[in-house]
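Peer 1: Okay, handing you the structure first.
Every number here is computed from the coordinates shown, using simple stated rules; none is lab data. The shown structure was predicted, so the numbers you read here are calculated from the model rather than taken from an experiment. In this analysis, Cβ positions are derived from the backbone assuming ideal geometry, glycine residues included, and neighbour counts consider all displayed protein chains.
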Amino acid sequence: MYTPIGLMFLGLALGFGLRKVSCLARVPRAITPTILLMLFVLGLAVGGNKALVANLPTLGGRALALTLAGVAGSLIGVLLIRRHFPGAGPGGRAIAAAEQKERAGSPADAAGLATAFKDAPLPPRGTASGGADDGR
């Protein structure tokens with residue numbers, strides 16, 4: 001476990017130290033082919049392991065069940081949050097404002113702060129900094 005993390009930090013340090021070396025400018029183009037080659041070699045290793053291939057239907061079924069459970073849990077969480085916090089989510093404040101017969105963009109709406117303070121009166125002179133004259 002320490003070896004991969006140590007190699008990652010070593011690569012970060014070398015990349016930071018050698019970032020002005022011109023031949024390293026070609027490294028980003030090599031990343032995608034390198035990842036594809038690593039995935040191919042991983043597939044070869046999995047395909048060559050007889051025990052793993054024999055258990056693949058069981059492992060695949062478990063992976064599918066775990067994926068479906070994760071998605072279902074996320075959807076249930078979203079439904080619970082939206083039910084108990086009507087302002088949560090994209091456009092939620094406007095929907096909540098419409099449900100409460102308020103217009104979107106009112107002072108209660110966080111997106112309407114500009115309209116809420118556009119016509120607000122300025123505080124009287126001398127009250128902005130605790131009673132002292134602020135020199136306006």
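Peer 1: How many angstrom lie between the C-alpha centres of the range 44-73 and the range 3-37?
Peer 2: 32
Peer 1: For a quick size check, give me the Cα extents of the range 28-69 along its three principal axes, largest first, whole Å.
Peer 2: 37, 28, 7
Peer 1: To continue, here is another question. Say each of VAL78 and VAL21 gets a label point 7 Å from the Cα, pointing the same way as Cα to Cβ; how far apart are those two points in nm?
Peer 2: 4.6
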